[in-house]
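Single-structure report; data block below.
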Amino acid sequence: MPCCNHCRYCLLSWDGNTVGTEWERSVKLAERYINELKEARPDVDISFTFGYSMEHSKLKEAIQTLKRLGSPMGEFLQCDGMNMRDEDQCRDLMRMLKEEGIKSLNFTAYGLRDYHDRFAGRKGDFDLLLRMMNASYEAGIPFTTGIPITKENIQTIDELVIILKEAGNHKISLFVPHEEGRGKSLKQVRLEQQDLSALSPESLSLLNRNIYRTESEWLSEPTPVQESNRLI
């Protein structure tokens, strides 16, 4: 599914061209594969999803299909890169999602309005996120927001967090973007330890320092980290 944004660090390397098979055929392939795997390897978890964005041309039917196939995406949607909508259209969307049993939504905010729009590659995207958050809040669908932090936006994070809290976010998380996809383009602005001093204690608490550590912190581990719950 096409994405309406063109973010600087897209982990899927979206270049404006969709890839993969068409929807109906992909559903048939997924259903057959899921059934065969359940019989042959019931110990292996599998889920069927779609991208680049969740803006399916027949989203309601797609959600019903995902539920039938047992996909987590049948209850959770990532709401970045979707079509531009006004307030009424956002409300209509959220009412439909609520009726279809969507239990939570997630957004990504790259900074304050102007910076976010430049980063996402679409003017008005920041305001769209706020409209969708407001509509989600009205519909009673919990939502969360992730904020990738870099040297470029670190000074604005405190103000951004306040805006997102006022919008009714169930949870706000800060994260350091990785280098998958086009993430390598952020190398020059990648966060360093000293940059964290720009955050208030409240904002800093939103960054999971058990996951996001400096290289020296990882190397100083007394024993190797035991991996668990890894995907096969």
- Checked the chain against the a/c 1.5 cut and the a/b vs b/c comparison, axes a ≥ b ≥ c from its Cα gyration tensor; verdict oblate
- Task: With springs only between Cα atoms under 10 Å apart, run a GNM on the chain and tell me which of Gly70, Gly183, Gly20 wobbles the most.
- Result: Gly20
- Rank these by accessible area, largest first, 1.4 Å probe: Cys4, Cys79. Cys4, Cys79
- Message: Would any residue of the range 143-163 have its amide N under 19 Å from a label point 7 Å out along Cα→Cβ of Leu112? List them or say none.
- Response: 147-163
- Report, in whole Å, the centroid distance computed from the Cα atoms of the range 1-56 and the range 83-133. 22 Å
- Accessible area of the chain divided out per residue, in Å², using a probe of 1.4 angstrom: 60 Å²
- Around Arg32, with a cut-off of 14 angstrom between Cβ atoms, what is the net charge of the other residues, counting Lys and Arg +1 and Asp and Glu -1? 0
- Item | Separation of the Ser104 and Phe175 label points, Cα + 7 Å toward Cβ, nm | 1.2 nm
- Message: Counting only protein heavy atoms and a 1.4 Å probe, tell me what percentage of the chain's accessible area is made up of carbon and sulfur.
- Response: 50 percent
- Item | Within-12-Å neighbourhood charge of Leu12 [Cβ basis; K, R +1; D, E -1] | -2
- Query: If you put +1 on each Lys and Arg Cβ and -1 on each Asp and Glu Cβ, how big is the dipole of the chain around its Cα centre, in Debye rounded to 20?
  - Reply: 340 debye
- Message: Positive end of the dipole of the range 97-200, charges at C-beta (+1 Lys, Arg; -1 Asp, Glu), about the Cα centre: which of Gly183, Ser136, Thr108 has its Cα farthest in that direction?
- Response: Gly183
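The values are calculated or read from the model by the stated rules, or taken from the named source; none is laboratory data. All of these numbers come straight from a predicted model, not from anything done at the bench. Please note: Cβ atoms are built from the backbone with ideal geometry, for glycine as well, and neighbour counts cover all protein chains shown. Please note that ligands, DNA and RNA were not included when accessible areas were found on the heavy atoms of the full protein model with its side chains. Shrake-Rupley method; radii C 1.70, N 1.55, O 1.52, S 1.80 Å.
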